[in-house]
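Have a look at the structure below before the remarks.
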Amino acid sequence: MSTELLSALFKRKSQVDNGGQTWESAPEQSNADASAHLQGLKFDAPAVQDWLQQLDITPEEDMLAQALADGLAERRGEGMPEHVIAAGDRRLRELAAKLAETQRAFAEERESLGSRCAELERREAEIRAREEGVEAEKQAQKVREEARKNYPQPKWLTHLEGTINIGVVGNSGVGKSLFINKLRKVRPQAHGWAPVGVNETTREPTMYPFPGQPEVRIWDLPGAGTEAVPSATYVQDMGLRYFDKVLILTSGRFTSMDVELRNELEQHKVPYYMVRTKVDIDVWNNKEDNGADQWTTIAQIREDLKSNHPAGTSYLVSSRDPEPFDMPVLVKELFPSMKLQLDADAPSFDPTVPAWNGAWAMPVVFSATLQGMQGRWRDSYSANYLVQGNQVHVSLQQGQRALVPLTEGKGRVWWCNRWFVDEESVKTARRKAELRWAPTQAGDQPLIWWWAD
């Protein structure tokens, strides 16, 4: 028995020795090193915010900027939003003026009417009705004044006159911050970028002005129903009745709190918009799981919202891929000046006139592969990658920074001419939040990036 056991042990030792590997304390570098994609880079780039400011930003024709300017021009001189208090004052003045005019006309006609009692009674009844209307409007204005006491204007919501204020509300994880950044066309990590995270990054109301139009202000408001922001006093605490418009965001079904908030806004006649975010993820998931196309998924989401939580008109948007969905329509509803038609009486184009001779540029159009990569990424080596156009800003944990140009060819985007991605891999990355770069040299490992936004 002992001989057989000893023989088996020697046989096993021989197998282990034959399959074993020798590890050096300081092995030489090879193409198989996982960090090979960072070798040879010139780490002399500026900080990411400085780099973004240095990028060529030749002005493009911006219809949204013009719409904002037009909206502000209409707003100047009107004071607060119409639904706050100005409407009541204007209505009262209009009714009082009509009453005075009717009274003067009655006094003049009374002398000439003589014995026409029926006509006199009709006119007197008309005056009494107008007097009752004036009194009713006075009572309504009194109610509004009481409402102002019960719904005081928050101390942080200042300078309502001459500004446009839009509130964005929603619970943690619905994508408020990224939505605000996309709406304002702010580049990732640039000045004014709203912090993006999977947790609740909004602890208190935060104002983000539109670049170039600081009077147009987007307010990122914390979600309701938390210990810090109880739902019972949410409308009062956030001062929502003082906003020009309010956006209610969700990434699934609208909750009972969302519906309650909508009802409060309707009561105070504050324009609101129900917005369903992250529909691009739903589209890809439904395609992978059920083979459904984009329009089928969108129709299913709309039907689900209509059946389970009637919320009126809902806007289905994607902050990462805004054009195919309802984001353009929503922007036009938020800023009605975007819907104005071209002026047929505008002066004809004349390149010699200074007004027509500005430095405008046609927008740069990237391939679908490169366009789908825009934004922030990270890898397992704590390196951060910001893709802006066809350039990548690389930041290492040790503080080193480099700029890497991306090249395109035959439907592929290349990293250092050794790793590539194509449109299909970018589409997969949008669903899985993981981008895989395929190597072309023997011994190179695949590169894996993860979404950082």
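Numbers at a glance
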{"item": "Residue in the stretch 255-262 that is loosely packed, with under 12 Cβ neighbours inside 10 Å and either within 30 Å of residue 165 (Cα to Cα) or in contact (Cβ under 8 Å) with a residue 60 or more places away in the chain (or both) present", "result": "yes"}
{"item": "Count - residues of the stretch 242-253 that are crowded, with 22+ Cβ neighbours inside 10 Å and within 16 Å of residue 222 (Cα to Cα)", "result": "6"}
{"item": "Among (1) in contact with a Leu (Cβ under 9 Å, 6 or more places away or on another chain); (2) at pLDDT 70 or above - the single one residue 95 does not satisfy", "result": "(1)"}
{"item": "The stretch 367-381, subset open to solvent by less than 70 Å² (accessible area, probe 1.4 Å) and part of a loop (DSSP other than H, G, I, E, B), residue nearest to residue 447 (Cα to Cα)", "result": "379"}
{"item": "Cross-chain or 6+ apart pairs with Cβ under 7 Å, the stretch 150-168 first and at positive phi, then among the hydrophobic types (A, V, I, L, M, F, W, C)", "result": "none"}
{"item": "Residue check for residue 358: open to solvent by less than 100 Å² (accessible area, probe 1.4 Å), at pLDDT 85 or above, more than 24 Å from the chain's Cα centre (by Cα) and small (Gly, Ala, Ser)", "result": "no"}
{"item": "Residues being in contact (Cβ under 8 Å) with a residue 24 or more places away in the chain and either of a type in the set (Phe, Trp, Tyr) or open to solvent by 20 Å² or more (accessible area, probe 1.4 Å) (or both) - total across the stretch 306-325", "result": "10"}
{"item": "Unique residue being modelled with pLDDT of 85 or more and either under 30 Å from residue 451 (Cβ atoms) or in contact with a helix residue (DSSP H, G or I) (Cβ under 7 Å, 6 or more places away or on another chain) (or both) when the list is 160, 183", "result": "183"}
{"item": "Selected residue (criterion: nearest to residue 424 (Cα to Cα)) from residues of the stretch 272-290 that are touching a residue at least 60 places away in the same chain (Cβ under 8 Å) and touching a strand residue (DSSP E or B) at 6+ places or on another chain (Cβ under 7 Å)", "result": "277"}
{"item": "Those residues of the stretch 144-155 which are open to solvent by 100 Å² or more (accessible area, probe 1.4 Å) and either modelled with pLDDT of 70 or more or touching a strand residue (DSSP E or B) at 6+ places or on another chain (Cβ under 7 Å) (or both), in sequence order", "result": "155"}
{"item": "Residue count for the stretch 426-453, restricted to those that are open to solvent by 30 Å² or more (accessible area, probe 1.4 Å) and either of a type in the set (A, V, I, L, M, F, W, C) or touching a residue at least 12 places away in the same chain (Cβ under 8 Å) (or both)", "result": "19"}
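The values are calculated or read from the model by the stated rules, or taken from the named source; none is laboratory data. All of these numbers come straight from a predicted model, not from anything done at the bench. Don't worry about glycine lacking a Cβ; one is built from the backbone with ideal geometry, like all the others, and counts go over all protein chains shown. Just so you know, the surface numbers come from the protein's heavy atoms only, side chains and all, with ligands and any DNA or RNA stripped out. Shrake-Rupley method; radii C 1.70, N 1.55, O 1.52, S 1.80 Å.
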